[in-house]
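Notes follow the structure.
The values are calculated or read from the model by the stated rules, or taken from the named source; none is laboratory data. It should be emphasised that the depicted structure is a prediction, and the values quoted were computed from it without experimental measurement. Note that we place each Cβ from the backbone using ideal geometry, even for glycine, and neighbour counts take in every protein chain shown. Surface areas here come from the heavy atoms of the whole protein model, side chains and all, with no ligands, DNA or RNA. Shrake-Rupley method; radii C 1.70, N 1.55, O 1.52, S 1.80 Å.
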Amino acid sequence: MDRIAVITLDGPAGVGKSTLAKQLAGKLGVAYLDTGAMFRTLALRLGENAHLLDSKELSKRCAAFSFRLEGSGSKTVLLCNGEPIGNDIRTEKAGKMASLIAAIPAVRDCLKVLQRKIGLETPLVAEGRDMGTVIFPDALCKFFLDARPEIRALRRVHDLKTRGEEANLQEITEAIRKRDALDRGRAVAPLKPAEDAVIVDTSDLDIQNVLDVLMRHIGEKAMAIRGFRD
Ligand code: DC
């Protein structure tokens, strides 16, 4: 299989994917694609009851959206229909709405085409739930990040408070459990590691430790490919 210049980072909510994807992209000098942001943006723009629409209508509405990336590393900007996406997508409510539409094949099919197109045009670090399994099965290097739910809840509370949002640890822990169940249990593109993914438990590691692990694997992979070609 010909490999494409994409590194995939998959894993559950609150595992640190976004921070890691940004920093890894910065180190590699490529753009990063936050696919959760694409689901969140669609969820907000399609509105609260979008998950109740029939597939044909949803496909039609999804076709009105396009996405592209500008810049690289932590300065990467995701644009929807030509406009940078806003911070309104970062609330817990938007996350829950995203999870609901993310279980619908019509929505996933639409975003799959758009995500794949971006990955074929630009070298990327792509983060989400199904990057290694469905969208980029031919990625150069795949990682699945995990952490204990209570650690992920603590990190989420910290993130929300830093952004000035109210956050209750017990509520966030419960929300994370529910979202995990939805993301892992859905019929289409469930959250799971690709067979050839490197699994990294980040519970007891800080960002720098995880980055070191990822960079070591990427370095080894690049050497193996070079050796294979020589
Ligand atoms: O990573 P996040 O919290 O921004 O993702 C929001 C929701 O979108 C999450 O509950 C699952 C869904 N999602 C998905 O199903 N597939 C992706 N590739 C990315 C996100």
Contacts under 8 angstrom Cβ, first residue in the range 110-122 being closer than 12 Å to L33 by Cα, partner surrounded by fewer than 17 Cβ atoms within 10 Å (Cβ to Cβ), 6 or more apart: L114/F65; L114/S66; I118/R68; G119/I4
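Here are A153, A126, A139: which of them is more than 16 Å from the chain's Cα centre (by Cα), open to solvent by less than 10 Å² (accessible area, probe 1.4 Å) and within 14 Å of the ligand (Cβ to nearest atom)? Steps first, answer last, please.
Working: A126 fails: more than 16 Å from the chain's Cα centre (by Cα); A139 fails: more than 16 Å from the chain's Cα centre (by Cα).
After ruling out the rest, the residue left standing is A153.
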Candidate set from the range 180-192 (those that are open to solvent by 30 Å² or more (accessible area, probe 1.4 Å) and among the basic types (K, R)); member that is modelled with the highest pLDDT: K192
Residue tally, condition away from the ligand (no atom under 16 Å from the Cβ) and either of a type outside the set (D, E) or touching a Lys or Arg at 6+ places or on another chain (Cβ under 9 Å) (or both), over the range 163-184: 4
Residue within the range 68-89 that is under 19 Å from P12 (Cα atoms) and part of a helix (DSSP H, G or I) present: yes
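Of all residues being among the charged types (D, E, K, R) and outside any helix (DSSP H, G or I) in the range 6-57, which is farthest from the ligand (Cβ to nearest atom)? Just the residue, please. Walk me through how you get there before you give the answer.
Residues of the range 6-57 among the charged types (D, E, K, R): 10, 17, 22, 27, 34, 40, 45, 48, 54, 56-57.
Keeping just the survivors that are outside any helix (DSSP H, G or I) gives 10, 34, 48, 54.
Numbers: D10: 7, D34: 7, E48: 16, D54: 20 Å.
Among those that are among the charged types (D, E, K, R) and outside any helix (DSSP H, G or I), it is D54.
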Sole residue being among the small types (G, A, S), crowded, with 19+ Cβ neighbours inside 10 Å and under 17 Å from the mean Cα position of the chain (by Cα), chosen from G11, G73, G26: G11
